Amino acid sequence: MSEMRLREEICRYGRSLFERGLTPGSSGNISLRLDDGGWLVTPTNASLGFLDPARISRLDEGGRLVSGDKPTKEIPLHSALYETRGSARAIVHLHSTHAVALTMLPEIDPRAVLPPMTPYYLMRAGETALVPYYRPGDPAVADAIRGLAGKYSSVLLANHGPVVGGESLEAAVFATEELEETAKLYLLLRNLNPRYLTPAQVEDLVKTFGLELPSHQNREDHDHG
Ligand SMILES: [Zn+2]
């Protein structure tokens with residue numbers, strides 16, 4: 001896909017996410033890795049609903065601005081995930097209501113913030129990690145993401161929002177949407193004693209679709225001694 005086309009894709013998905021209320025105001029940002037090692041990233045203080053393809057920030061491999069507007073201040077979230085998650089080609093970060101709400105609940109397991117509720121959550125987002133709260137702009141949040149060692153393609157920042165990587169922009173957007181909708185389902189069903197997928201049903205998905213879930217990777221490490 002040409003760079004112009006990729007710029008248009010960022011604007012199209014950004015508008016779609018914004019118009020469905022998935023990230024308010026000028027919150028949220030999108031990045032995409034280019035074949036030359038550089039990136040396209042949405043500018044600082046730009047609403048995802050009103051992006052201009054020509055003004056998207058173009059960075060070189062070292063993260064220096066080559067053209068376009070000044071990039072988002074949340075670049076460290078993106079670079080930390082790209083560094084540790086080699087397969088990620090695009091990253092979406094939103095301030096989406098249900099995913100943010102989830103981060104504030106006391107029972108959340110930081111290594112799997114959601115139970116296995118639907119097959120598509122596991123197939124698109126996998127399991128999701130939670131990192132603690134950091135003040136906006138605190139570089140320590142990038143270290144917290146690096147600390148997950150690339151095991152997770154989707155990460156929730158406490159009291160802030162999701163950061164989700166994918167092998168394409170479409171994959172990152174769809175995974176972020178699955179995470180948000182599954183968070184919504186969790187909140188709808190919380191304390192109603194719902195039936196989640198059973199371990200056998202999860203195992204079947206892992207085997208059939210070759211899912212790389214962190215919980216299963218750990219177990220394999222154990223099995224192999
Ligand atoms: Zn943010």
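Computed quantities for the displayed model
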item	result
Qualifying GluC sites (Glu not before Pro) for region 57-97 [loop in DSSP, other Cβ within 10 Å: at most 12]	Glu61
Alpha-carbon gyration tensor eigenvalues x 5, square-rooted, for region 1-72, Å	20, 13, 9
Residue-level accessible surface for Asp138, protein heavy atoms, 1.4 Å, Å²	40 Å²
Over 22 Å [Cα-Cα, region 132-225], rounded percent	45 percent
Kirkwood hydrodynamic radius over Cα pairs of region 91-144, then Stokes diffusion coefficient at 37 °C and 0.692 mPa s, in µm²/s	259 µm²/s
Karplus (6.51, -1.76, 1.60) ³J(HN,Hα), θ = phi - 60°, over region 50-65, in Hz, Gly and Pro reported as x	9, 7, 10, x, 6, 9, 4, 6, 10, 10, 8, 4, x, x, 8, 5
Degrees between helix 169-189 axis and first principal axis of the chain (Cα, 0 to 90, nearest 10)	50 degrees
Point-charge dipole on Cβ atoms (K/R +1, D/E -1) for the chain, about Cα centre, debye to 20	500 debye
Simple Cβ-charge dipole of region 1-62, Lys/Arg +1 and Asp/Glu -1, about Cα centre, in debye nearest 20	280 debye
For the chain: span of alpha carbons on each principal axis (Å, largest first)	50, 38, 32
Region 27-118 - Rg over Rh from alpha carbon coordinates, Kirkwood radius	1.04
Dipole of the chain, positive direction: furthest Cα of Ala172, Ser67, Leu205, with charges on the beta-carbon	Ser67
By average C-beta atoms within 10 angstrom, highest first, the peptides 76-82, 107-113	76-82, 107-113
Computed [θ] at 222 nm, deg cm²/dmol, the chain (DSSP H ≥ 4; -39,500 (n - 2.57); rounded to nearest 500)	-11000 deg cm²/dmol
Solvent-accessible area, 1.4 Å probe, carbon plus sulfur percent, for the chain	52 percent
Dipole-positive endmost among Leu192, Tyr120, Thr42 within region 3-209 (Cβ charges, Cα centre)	Leu192
GluC sites (Glu not before Pro) restricted to region 156-194 and DSSP loop, no more than 14 other C-beta within 10 Å	Glu167
Accessible-area order (highest first, 1.4 angstrom probe) of the listed residues Met1, Met104, Met117, Met123	Met1, Met104, Met123, Met117
Listed residues Leu102, Leu122, Leu188, most fluctuating in the chain (Gaussian network, C-alpha, under 10 Å)	Leu188
Counting DSSP beta bridges with both ends in the chain, the antiparallel % (nearest 5)	85 percent
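The values are calculated or read from the model by the stated rules, or taken from the named source; none is laboratory data. What you see is a predicted model, and the numbers here were worked out from it, not measured in a lab. Here the Cβ is made from the backbone with ideal geometry for all residues, glycine too, and neighbour counts use every protein chain on show. Just so you know, the surface numbers come from the protein's heavy atoms only, side chains and all, with ligands and any DNA or RNA stripped out. Shrake-Rupley method; radii C 1.70, N 1.55, O 1.52, S 1.80 Å.
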